[in-house]
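The values are calculated or read from the model by the stated rules, or taken from the named source; none is laboratory data. No experiment lies behind these values; they were computed from the predicted model shown. Heads up, the Cβs are rebuilt from the backbone with ideal geometry, glycines too, and the neighbour counts pull from every protein chain shown. The accessibility values were calculated without ligands, DNA or RNA, using every heavy atom of the protein model including side chains. Shrake-Rupley method; radii C 1.70, N 1.55, O 1.52, S 1.80 Å.
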Amino acid sequence: GEAFDEATLDLVASHADVWNSMPAGLDVLRSKIELVDNACLARGRDPRTLGKTLETQVLILDDDDDWEAWLGRWARLRDEHPSGGAMTDFFEFVQSTNPQLSTEGSSDRFKEEFVIGTRAEVTEKLKAYHDLGIDEIVCWFMDFPSLHSMTVLANEIRPSLRRPHA
């Protein structure tokens with residue numbers, strides 16, 4: 001369950017083995033985790049006994065021009081398939097699951113809220129999520145059916161995230 005209201009927080013803190021957040025940038029996720037942890041503490045539960053996962057969109061770019069090209073391709077898909085065949089508006093859908101996400105400002109705001117960036121940027125963001133207490137990330141690859149982001153994540157980024165055994 002998301003950290004939207006007291007009833008859901010109560011269910012999570014009282015009964016869940018794992019809590020999953022919908023897409024969220026670092027600041028928003030930090031706030032959500034604080035709500036979940038406080039709900040656990042209020043019910044006498046150690047927050048460390050609750051697994052924490054994040055479900056988010058992933059897009060690994062070669063450079064900033066790649067992001068602008070991707071946004072253009074997405075806009076063309078929406079125009080070519082207005083009936084929803086290409087998901088009418090991806091950003092509206094994601095905003096509905098993450099009310100903190102603002103559509104104001106530049107498209108770079110989405111790079112903050114999702115895992116979008118170059119190899120180095122994605123690596124740093126995934127490390128930061130781990131440092132916040134996220135145990136696992138469920139990835140929705142924005143460039144599907146291309147396997148580019150999935151392949152780069154699996155073969156290049158993921159191995160660099162593995163921590164040596166103590």
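Would you please name the residue that is farthest from N38 (Cα to Cα), looking only at residues in the stretch 48-63 that are assigned to a strand (DSSP E or B) and of a type in the set (A, V, I, L, M, F, W, C)? Steps first, please.
Filtering the stretch 48-63 down to residues assigned to a strand (DSSP E or B) leaves 51-60.
Those left that are additionally of a type in the set (A, V, I, L, M, F, W, C): 54, 58-60.
Details: L54: 18, V58: 29, L59: 32, I60: 34 Å.
Going through the qualifying residues, I end up with I60.
Suppose we keep only residues that are over 20 Å from the mean Cα position of the chain (by Cα) and among the basic types (K, R) within the stretch 16-47. Which one would you say is surrounded by the most Cβ atoms within 10 Å (Cβ to Cβ)?
Residue satisfying both the conditions and the ranking: R45.
Please count how many residues of the stretch 29-76 are farther than 19 Å from W140 by Cα and either of a type in the set (D, E, K, R) or at pLDDT 90 or above (or both).
27
Being open to solvent by less than 50 Å² (accessible area, probe 1.4 Å) and assigned to a helix (DSSP H, G or I), is that true of even one residue in the stretch 131-146?
Scanning the stretch 131-146 turns up at least one residue that is open to solvent by less than 50 Å² (accessible area, probe 1.4 Å) and assigned to a helix (DSSP H, G or I).
Assess whether R73 counts as being of a type in the set (K, R) and either in a strand (DSSP E or B) or more than 13 Å from Y129 (Cβ to Cβ) (or both). Talk me through it step by step, then tell me what you get.
Working: of a type in the set (K, R): yes; either in a strand (DSSP E or B) or more than 13 Å from Y129 (Cβ to Cβ) (or both): yes.
Yes; evaluated as a whole, the condition is true for this residue.
Would you please list the contacts, defined by Cβ atoms under 9 Å and residues six or more apart or on different chains, that run from a residue in the stretch 116-130 that is more than 11 Å from I157 (Cα to Cα) to a residue that is hydroxyl-bearing (S, T, Y) and not in a helix (DSSP H, G or I)?
Hits for this filter: Y129/T56.
State whether one or more residues within the stretch 88-101 are modelled with pLDDT under 70, part of a loop (DSSP other than H, G, I, E, B), hydroxyl-bearing (S, T, Y) and under 20 Å from R30 (Cβ atoms).
Going through the stretch 88-101, the residues modelled with pLDDT under 70 turn out to be 88-101.
Next cut, part of a loop (DSSP other than H, G, I, E, B) only: 88-89, 98-101.
Next, only the ones that are hydroxyl-bearing (S, T, Y) stay: 88.
Keeping just the survivors that are under 20 Å from R30 (Cβ atoms) gives none.
Taking every residue of the stretch 88-101 in turn, none turns out to be modelled with pLDDT under 70, part of a loop (DSSP other than H, G, I, E, B), hydroxyl-bearing (S, T, Y) and under 20 Å from R30 (Cβ atoms).
Suppose the filter is open to solvent by 40 Å² or more (accessible area, probe 1.4 Å) and under 12 Å from the mean Cα position of the chain (by Cα); does V122 pass it?
Details: open to solvent by 40 Å² or more (accessible area, probe 1.4 Å): no; under 12 Å from the mean Cα position of the chain (by Cα): yes.
When the stated conditions are applied, V122 does not pass them.
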